[in-house]
Amino acid sequence: MQLTKEEFKNRLKRKLNDYYEEDIDTASTSELFAAISAIVRDGYAPQWRRTRIAETKQKEKQVYYFSIEFLPGTLLKSNLLNLGWLKTVREALSDLDKIAEYEPDMALGNGGLGRLAAAFMDSLASTGYTGNGNGIRYKYGLFKQKFVNGYQRELPNDWLKKEGHWEVRRESKSVLVRFGGKVNMVEDNGWLIPQYEGERVVRAVPYDVAVVGYQDGLTNTLRLWDAEIPPEEELNYPTISDRRRVEDLTSILYPDDSNYEGRLLRLKQEYFFVSAGLQSILDYYITKLGNKNFAQLPDYVAVHINDTHPAMAIAELMRLLVDEHRVDWDTAWNITQKVMSYTNHTIMAEAMEKWDVNMMSELLPRIMQIITEIDRRYCEGLKGRVSDAVIDRTRIIKNGQVQMAHLAIIGSHSVNGVAALHTQLLETEVLKDFYNLYPERFNNKTNGITLRRWLQIANPELSDLLDQTIGKEWRSDSNKMLNFEKYYHDTKVLNQLHEIKLDNKKKLAKFMKEQTGIEIDPTAIFDVQVKRMHAYKRQTLKLLHILKLYQDLKAGIDHPKRVIIFGAKAAPSYVFAKQIIKVINETANMINNDPDIHGKLKVVFLENYNVSLAEKIIPAADISEQISTTTKEASGTSNMKLMANGALTVATMDGANIEIKDAVGEENIFTFGLNKDQVYKYYAEKSYHPRKMYEEDPVMKKTVDALIDGTVPNCSSEGQALVNNFLSDNEQFLVLADFEAYLKAQEKVEQTWAQKRIWQQMSLVNIAHSERFDSDKTIERYAQDIWHLKKLKIEKVDR
Ligand code: 26Q
């Protein structure tokens with residue numbers, strides 16, 4: 001029996017009355033939110049319990065997804081949707097959207113990597129696999145971004161202060177994690193066991209968040225760890241600053257998304273959640289599954305490490321098996337390799353994690369010993385079989401540093417990239433020595449997105465149109481979306497598509513007006529670039545395009561009306577990224593207030609881009625900017641969300657853009673720019689001389705000069721910094737090399753915009769083919785190829 005409107009209202013009345021002695025029309029938004037979320041928790045509780053029981057009974061293999069970031073956004077609507085209640089509740093409460101806005105984003109991640117982890121959690125539950133997330137319960141999520149005089153300011157994101165949380169504290173599942181001290185190996189019955197001295201003991205307390213699968217899926221668990229002082233250790237933490245050091249462990253999420261910094265606290269965080277997670281896995285294996293035969297562990301457990309941040313799991317599992325459970329080294333190593341698998345998310349050298357050996361020895365003496373032994377055996381095993389140079393390049397410990405990617409590859413049975421090109425580059429360039437050694441370990445798993453959130457929740461109007469045309473099955477079977485292509489010549493559907501987009505643009509225009517005061521014409525082209533601010537993603541190329549349009553309009557050269565919308569946070573320590581923000585904000589200010597432009601061009605940089613803001617912007621986009629330097633964007637996922645919502649992509653042949661092009665066909669995407677061979681040629685031959693390009697191309701020169709000739713006000717030093725960067729032979733991201741091609745691609749955009757029907761048709765093809773990037777499909781491939789999972793059988797429940 002499905003929940004009816006009346007039944008929902010009765011439950012809501014009861015909760016409001018019990019908790020607050022209020023009624024639906026007298027309760028405040030926060031009270032309504034707390035009451036509705038309590039009803040939702042009651043709704044999934046039976047399924048959560050059944051999933052747990054089925055797990056212990058059926059004993060199917062489970063995957064544990066270890067990630068230092070999870071970025072689910074808000075959970076109210078997605079839980080309602082997955083319970084099958086969203087429509088009913090929307091009908092019962094006209095202001096559901098307003099109530100839902102009360103919920104703070106669970107922003108325990110920086111960007112793509114964290115969002116992918118959240119999407120995978122949803123997909124595992126929805127496709128029927130038992131998958132558990134393992135991460136950190138940060139007290140403060142990713143910083144809140146404000147602009148002051150055009151500069152980025154960072155404010156703390158105190159997401160836990162509001163009530164109505166989804167988490168359950170599971171004190172009884174706490175474990176202890178040890179740091180520092182000295183370790184001596186002593187003999188015990190012929191076995192060398194470590195004796196610790198003077199170490200600090202921290203208690204890891206799990207907070208479990210239910211991951212509700214779609215419709216008849218499972219309800220899985222995302223386990224996030226908090227750090228506390230163990231009650232029995234109180235005396236070892238006598239001072240306030242001792243106590244604070246424990247709190248600090250899980251206090252903040254590192255806001256750097258690509259620049260590696262070897263900070264001690266980060267190393268502590270990594271070990272903390274890895275050790276806690278593995279201990280709880282082994283506890284479960286021993287007590288619930290009643291198994292002490294660790295050789296069988298790989299038949300029951302897969303541990304996946306999301307980038308190298310959890311790579312210490314390899315050494316920690318060895319420690320637990322060898323030291324705590326007395327498994328011999330070779331057996332333990334065999335088990336570990338079979339259990340572990342690793343996803344790489346970047347080829348950029350500056351993002352590769354390396355930890356100082358001395359730092360690691362001091363903080364984690366036993367782990368460092370184990371890594372040293374893994375490294376020693378690795379080198380010894382290869383000696384004489386491959387050249388010393390290869391051993392030297394691939395070993396784990398080098399120049400006093402632990403190469404985490406090498407540890408991850410050596411200790412895993414699977415290494416995957418996140419888009420076809422990215423995996424190819426791993427195999428042929430970045431990790432080619434490893435590929436030659438272990439070709440069978442390498443595989444590609446192109447990223448995906450949860451279409452449920454990006455269509456059914458963010459774009460209900462488009463979802464209704466799909467229902468009316470192709471039927472509702474696409475909601476649980478995304479393959480069906482391909483049928484939407486049958487409406488390619490259907491004028492009525494094309495017009496409806498246009499109306500829906502216009503409607504979404506009106507809503508966003510209203511929101512932008514409220515946020516920024518800028519007046520927006522919803523019939524203009526909405527040109528969107530949303531992602532972290534980074535030199536390689538080239539928001540700068542978009543900026544140059546804006547300046548070119550501005551100069552044209554000033555000179556009387558006409559262009560269709562356009563609104564350029566940015567959303568991007570810069571890492572607080574990333575000076576260049578912050579300079580770009582300042583310059584874009586000043587450029588926006590100048591253009592938006594220039595009467596000569598007559599509103600033909602507007603630039604809106606929305607503050608604090610996050611999942612919730614993405615849900616507002618993406619359904620309103622006409623153009624999706626995916627303009628990274630080819631080879632640099634591992635995959636990208638906003639590209640997928642935008643195409644699913646009918647935006648047309650302007651793209652370099654980088655990351656998953658290539659697969660988007662393959663899916664929609666060349667005629668339904670605007671591609672431009674250097675290909676991978678051209679990019680590598682510039683690097684190899686050191687033949688990039690942008691100043692020459694600039695001197696020889698008057699259009700380029702005039703555009704770039706706008707940053708330093710006083711055209712853009714209030715940012716002369718930042719403007720100069722950008723220009724110096726563009727003109728340097730060392731500028732790795734080749735901005736000026738792609739400038740002309742980018743302008744040409746944008747001219748094509750304008751010509752296509754003038755042919756409304758063709759635009760709608762292209763949009764329709766993009767929507768239909770976004771099915772290819774459904775994360776349910778990605779997760780099926782991980783489940784089959786890497787983790788070897790079987791689906792859990794579970795009965796349907798009444799909600
Ligand atoms: C590392 C060390 C110390 C502190 C922070 C970090 C750190 C944190 C986050 C390094 C990297 C990240 C995040 C990387 C990320 O989001 N990468 C993106 O992953 C997406 C999912 O695979 C891809 O689509 C994007 O192309 C990739 O940039």
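Read-outs: derived from the displayed coordinates by stated rules, not from any lab. A quick note: this is a predicted structure, and the numbers were derived from the prediction, not measured. Positions of Cβ are generated from backbone atoms using ideal geometry, with glycine treated the same way; all protein chains shown enter the neighbour counts.
Worth pointing out:
- Cross-linked pairs LYS542/LYS632; LYS87/LYS472; LYS505/LYS632; LYS506/LYS600: Cα-Cα separations exceed 21 Å for LYS505/LYS632.
- Straight-distance crosslink candidates among lysines, where the alpha carbon sits under 26 Å from LYS182 and sequence neighbours closer than 8 are dropped: LYS268, LYS354, LYS398
- Within the chain, the longest run free of GluC sites (Glu not before Pro) that sit in a DSSP loop with at most 12 other Cβ atoms within 10 Å is 520-794.
- Set of lysines near LYS292 by C-alpha distance (under 27 Å), chain-local residues within fewer than 8 positions excluded: LYS57, LYS59, LYS61, LYS173, LYS338, LYS790, LYS791, LYS793
- Size of charge dipole - the chain - debye, nearest 20, with Cβ of Lys, Arg +1 and Asp, Glu -1, no other charges: 880
- Per-residue HN-Hα couplings for region 633-640 [Karplus 6.51, -1.76, 1.60; θ = phi - 60°; Hz; x = Gly/Pro]: 8, 3, 9, x, 10, 5, 4, 6
- For region 261-361, the set of trypsin sites (Lys or Arg not before Pro) satisfying both a DSSP loop assignment and a count of at most 15 other C-beta atoms within 10 Å is given as ARG263, LYS288, LYS292, ARG326.
- Each principal axis of the Cα cloud of region 717-785 was evaluated for its coordinate range; sorted largest first, these ranges are 49, 41, 20 Å.
- The value of relative contact order for the chain, using C-alpha pairs under 8 Å at least six residues apart, is 14 percent.
- 15 Å reach of a label modelled at SER387, 7 Å along Cα-to-Cβ, counting backbone N of region 421-465: 432-434, 436-437
- Based on alpha carbons, the Rg and Dmax found for the chain are 26.9, 89 Å.
- Vicinal HN-Hα couplings computed from phi for region 378-392 (Karplus, 6.51 cos²θ - 1.76 cosθ + 1.60; Hz; Gly/Pro x): 4, 5, 4, x, 9, 3, x, 8, 10, 5, 4, 4, 5, 4, 5
- Region 363-446: trypsin sites (Lys or Arg not before Pro) in DSSP loop, at most 15 other beta carbons within 10 Å: ARG385
- Shape of region 435-580, Cα gyration tensor, a/c cut at 1.5: oblate
- In straight-distance terms, cross-link reach from LYS15 covers every one of the aspartates and glutamates whose alpha-carbon lies under 17 Å from its own, apart from those fewer than eight places away in the same chain; here that gives GLU6, GLU7, ASP23, ASP25, GLU31, ASP42, GLU163.
- Between the C-alpha center of region 53-126 and that of region 556-611 there is a gap of 32 Å.
- Across region 471-483, rounded Karplus estimates of 3J(HN,Hα) from the backbone phi angles (6.51 cos²θ - 1.76 cosθ + 1.60, θ = phi - 60°) give x, 7, 4, 4, 5, 10, 9, 5, 3, 5, 4, 4, 4 Hz, Gly and Pro being marked x.
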